[in-house]
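Since every read-out is calculated from the coordinates, none of them should be taken as a lab result. These numbers were taken from a predicted model, which means no experiment stands behind them. Cβ sites come from the backbone with ideal geometry, for glycine too, and all protein chains shown count toward neighbours.
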Amino acid sequence: MIGEHRARLGGSDSTIADRIPVLAALIALIFAVFGVRLFQLQFIQTDDLRRRSERNYVRTLRLEAPRGDILDREGRTLATTRPAFAVQVIPNDLRHPDLTLDALSALIDRDAGELQTALGTPRGRARFQPVQLAADLSYDQRARLESHLYALTGVVTDVRPRRHYVEGELAAHLLGSIGEIQRAQLETRRFADYRSGEVIGQSGVESVMQSELRGRAGGRNLVVNVAGRVEGMLDEIEPVPGGTVTLTLDLDMQRAAEAAFLPEVLGEPSRMGAVVALDVRSGDVLAMVSKPSYDPNAFAGGIAAGTWRGLVEDEWRPLQNRVIAGNYPPGSTYKAFVAAAGLEEGLVDPARKVFCPGTFRLGRRTYRCWKKGGHGPVDMHRALVESCDVYFYQLGLELGIDRLAFFARGFGLGRSTKIPLPNEQAGLVPTSAWKERRFNEPWMLGETVSASIGQGFNLTTPLQLAVAYGAIANGGTLLRPRLVLRVVDPDGQVTDAPPPETLGSVPVAPEHLARVRNALEGVVQGPGGTGSRSRVPGVRVAGKSGTSQVVGLEHTEGLDDDEVQIRHRDHAWFVAYAPAEAPEVVVAALVEHGGSGGAAAAPVVQRVLAAYFGVPDAPPAGPPAGPPPPAEPEVPEESTSDDEATRVAEAPGADDAGD
Amino acid sequence: MPAIDRRLIQNFDWTLLGLVAILSCLGLVNLFSATHGGEGLSGEMRRQLMAFGLGTLVALVVTAVDYRHYERLALPVFAVALGLLVLTLLIAPVTRGSQSWLFGGRVQPAEVSKLALVLVLARYFQRNPPGDVTRLRDLVVPGAIIALPVGLIVAQRDMGVALLTLLIGSTYLPLVRIPWRAWAGVAALALAALAALWSFGLAPYQKERILAVVDPGRDPLASGYQVNQSRIAIGSGGLFGTGYMQGTQTQLRFLPTQHTDFAFSVVAEEWGFAGSCVVLGLYATLLFWGLVVARSSKDDFGALLAIGVVGCLFWPAVLNVAMVLGLAPVIGVPLPLFSYGGSAMVITLAAVGLLMNVSMRRYVF
């Protein structure tokens, strides 16, 4: 059989053997191509392909920097960052999803159905990604969970920094709140180096000091497999915490100011309004309260939609910082500026007296003084002390609306105080030109009468009044309110310590201011003054009350105080500084719908001043001896004549502020 | 059975054994890296080792019998292989779009048919020397021989193996003496056939795979995904690789079918340019050595068998590496001795046994 083969000895001469070099050449050619291709991929393109390989398996987990603390001027913590414990599950690792969720629900006090909803039904790669079921466990919940964690396969805990406002509602508007950065913000230059999802300060100091408080986020490079499952860690860059911001705020004064709004009688609703206290030498904001308020902790982990809607839609506007954004007619507190203007313009002879019969006639109309029987003959000092309306009607008419406006603006009214907080309102100082522009109508003399006692078109924020009275107190310097004493970075280096700044001087000579100060001291310390309820034992206080009308008299005429609807009651003002002989601190208080300034707002000021001077348990109100202060409404009781439009505080006219 | 001739021992082809042994070891070591995870050996690893053992036994048996007896066996073996292919079509279940497994997924008859085809073609060209083949019509019979298994494999929808079988059959073409003008005609016909195949014969996913070679960025998450990930794996290997069992593409499973079709990407990632060149160099040496064996064989049948074996090793290796390097479409062709797959392993070792058989008997009459 084998013999049948056509054997070819020395195969080299066979036709087959001839062709073998061709085959060899083909093989060599193809393997050469492979070599070139390998060289191309592994030598020329290797850097690019290696990067793409890293993109495949390296997941960078962002480690948020703990936000810097916010302290009061004594170093007491107002806002800090604490670890918050969250529960997550990795769906793929859950052995018995239903049993696990039931157990979890018992351990961390959450509804099992709610957990099921949070878990959803992840598929594919998502099965390896942690799903957050609950954020911010309490200490007990965490302890219970951790002691059972060994039995709950697929359940993991995660620790994240979470903002914590130690004092809850205290100074909520000043401190502000945080929230996820919004798309519109991301597009601005200020947030150029921010990323979507980052949490930033959205109001108050949190917003103003965002870049100082932010810190620097770190990162952790994780190794993940094709399914996205974490297989290990490559490296980690620790986050750098944000700087510590020390405010000018004084926690004791702030507490006193907050407490002053608690109802005096149990069961009554808390009062609304605003208080601000400034150091008249530096402009430091020592206390700032706006009521109603809210707990900024609700914002810390992303605010619940319902809570947010509630805050936004509340008719009393708890999110508004009334100290800087509440526009109110200044009422009789305005008289100090009118008096200063009269002195400066030489219209007020200290000896000159105006007779107050209780009414004031201008043309067909009669304007009343708050005191029905009239004050009789009053000089400037007594007119301020007893807040005689008729005296200021007269003086206001002599000055004229535009000179009045010049001085009001000179005291910083009608323009921003440049406090470093967002959303400050400028108030409104009316002039004849303004009215022409706004209403296309000429200015009426009767409007000057209203304006002279801080009614009519006048609108002022509590902060503007505090700055203006601060200037009266310190001899004429308008100070820019200062909020931040210093910023200290995590290494202990002071990175910023803003010096006090002035906004200019008031256009009134020092001796005239001294005369006004003398009268303001009489308001509190003197007999018959309207501000005796702001007295602090051992300290001489100077101040001025004010009551600003919210609605026309037709809503309140003939009704007892208790019968007037709350929203129709007058706003109560009191602005005071102390010590009168060498002023250090000025406090402006506004109690919305509180009624008379001397009765409702002066006690608020008194509590803040008492806290400043460290006077313990100051008597709630009134002088320890002597007659009770007159409980005057101070509102000019205008004759209910026809065409006089009623003005409501916070009316839309405020938009035209800045005139 | 012929008695064991002392010259058989003297002429034992240590070079061939050494090359195949080194390649097999590298293949197994590489497969371990591509499949490890969990405790002990992976299932794939164990089955591959068993196939390697079985293949070695088969190779020994194939080597023991003088290859000249195989001429008589060629037709029956071919008939059995075709029978198995028909049987597969009749009874095998459809898995992953093709119908190519027998006996509970343990045997792939298409693999067997490749070796059977080599036997029967060697027998044909031994009787009809390729030097006498000068006209295209002389290719009708061998063409028909090739078309039989290829047609049956196409019917199984296993395009990769069908193409491979066709190419292995065509290994003999460079031996014939047909003028180049005739080849131009064949080329035209082939192009027409390809165009027809593109229009009617290929499923959309198969077209996508071909287009993905031209432009891997086309659809990086679907058909281009494998090519892309393979390129990333190879490129990130750089000159010296990421180190054994250190390749992130491999170990983190970004590389698709890394233990079968993309086993060479694992080599390239973990051993780099240097390692890839060593493996490709070993392959090239093995193929050249096969040609040396063909050239030095004492008869045409031996030479034809050796060339057929070279074809059996060359085509899958070339198609696989070209696919892995992104030079050819993704078709399921395993890299001999490296890719996981029992039937391919056994058949590859059997083919090597055949080559050894021819090599050992070059001086024996």
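Values as computed for the structure displayed
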{"read-out": "Amide H contacts of A:Gln425 (H built 1.01 Å from N, under 5 Å, at least 5 apart or other chain)", "value": "A:Ala325"}
{"read-out": "Percent of Cα-Cα distances greater than 55 Å, calculated over the protein assembly as shown", "value": "48 percent"}
{"read-out": "Cα convex hull of region B:130-207, projected area averaged across orientations, nm²", "value": "5.4 nm²"}
{"read-out": "For chain B, built as a Gaussian network whose Cα springs stay under 10 Å, the top-fluctuating residue of B:Leu121, B:Leu73, B:Leu349", "value": "B:Leu73"}
{"read-out": "Sum of -39500 (n - 2.57) over DSSP H runs of 4+, divided by residues of chain B (222 nm, nearest 500)", "value": "-22500 deg cm²/dmol"}
{"read-out": "DSSP-loop GluC sites (Glu not before Pro) across region A:309-365, with at most 12 other Cβ within 10 angstrom", "value": "A:Glu315"}
{"read-out": "Residue-count net charge about A:Pro357 - beta-carbon cut-off 12 Å; Lys, Arg +1, Asp, Glu -1", "value": "+3"}
{"read-out": "Built amide H within the under 5 Å cut-off of A:Leu478, gap 5+", "value": "A:Leu503, A:Gly504, A:Ser505, A:Val506"}
{"read-out": "Global geometry of chain B, whether rounded, prolate or oblate, following the gyration tensor of its Cα atoms and the 1.5 cut on a/c", "value": "oblate"}
{"read-out": "For region A:122-195 versus region A:432-481, the gap between their alpha-carbon centres in whole angstrom", "value": "47 Å"}
{"read-out": "30 Å Cα-Cα threshold exceeded, pairs from A:Lys435/A:Lys544; A:Lys372/A:Lys418; B:Lys114/B:Lys207; A:Lys335/A:Lys372", "value": "A:Lys372/A:Lys418"}
{"read-out": "Max mean-square fluctuation residue, GNM over chain B, Cα-Cα springs under 10 Å, options B:Phe32, B:Phe338, B:Phe314", "value": "B:Phe32"}
{"read-out": "Relative contact order (percent, whole number), chain A, Cα cutoff 8 Å, 6+ residue spacing", "value": "13 percent"}
{"read-out": "Region A:465-559: GluC sites (Glu not before Pro) falling in loop per DSSP and having at most 11 other Cβ within 10 Å", "value": "A:Glu557"}
{"read-out": "Local electrostatic count, A:Thr417, Cβ distance below 10 Å [Lys/Arg +1, Asp/Glu -1]", "value": "+2"}
{"read-out": "Peptides A:604-615, A:93-104 ordered by average Cβ neighbours within 10 Å, highest first", "value": "A:604-615, A:93-104"}
{"read-out": "Residue-wise HN-Hα coupling along region A:173-181, computed from phi with Karplus coefficients 6.51, -1.76, 1.60 (Hz; x: Gly, Pro)", "value": "5, 5, 5, x, 9, 10, x, 4, 4"}
{"read-out": "Cα-based helix-to-principal-axis angle, A:46-57 vs chain A, degrees rounded to 10", "value": "70 degrees"}
{"read-out": "Highest-MSF residue in chain B out of B:Gln251, B:Gln229, B:Gln156 [GNM, Cα springs under 10 Å]", "value": "B:Gln251"}
{"read-out": "Amide H partners (placed H, <5 Å) of A:Met272, local residues excluded", "value": "A:Glu592"}
{"read-out": "Rh (Kirkwood; distinct C-alpha pairs) - region A:331-389, Å", "value": "12.0 Å"}
{"read-out": "Computed [θ] at 222 nm, deg cm²/dmol, chain A (DSSP H ≥ 4; -39,500 (n - 2.57); rounded to nearest 500)", "value": "-9000 deg cm²/dmol"}
{"read-out": "Hz values of 3J(HN,Hα) by residue in region B:42-54 - Karplus curve (6.51, -1.76, 1.60), Gly and Pro given as x", "value": "6, x, 4, 4, 5, 5, 5, 5, 5, 5, 5, x, 4"}
{"read-out": "Per-residue mean of C-beta atoms belonging to partner chains within 10 Å, peptide B:293-304", "value": "6"}
{"read-out": "Cα-based helix-to-principal-axis angle, A:510-525 vs chain A, degrees rounded to 10", "value": "90 degrees"}
{"read-out": "Length-normalised contact order of chain B in % [C-alpha pairs under 8 Å, at least 6 apart]", "value": "28 percent"}
{"read-out": "³J(HN,Hα) computed for each position of region A:84-94 - Karplus, 6.51 cos²θ - 1.76 cosθ + 1.60, integer Hz, glycine/proline x", "value": "10, 9, 10, 9, 10, 10, 9, x, 5, 8, 5"}
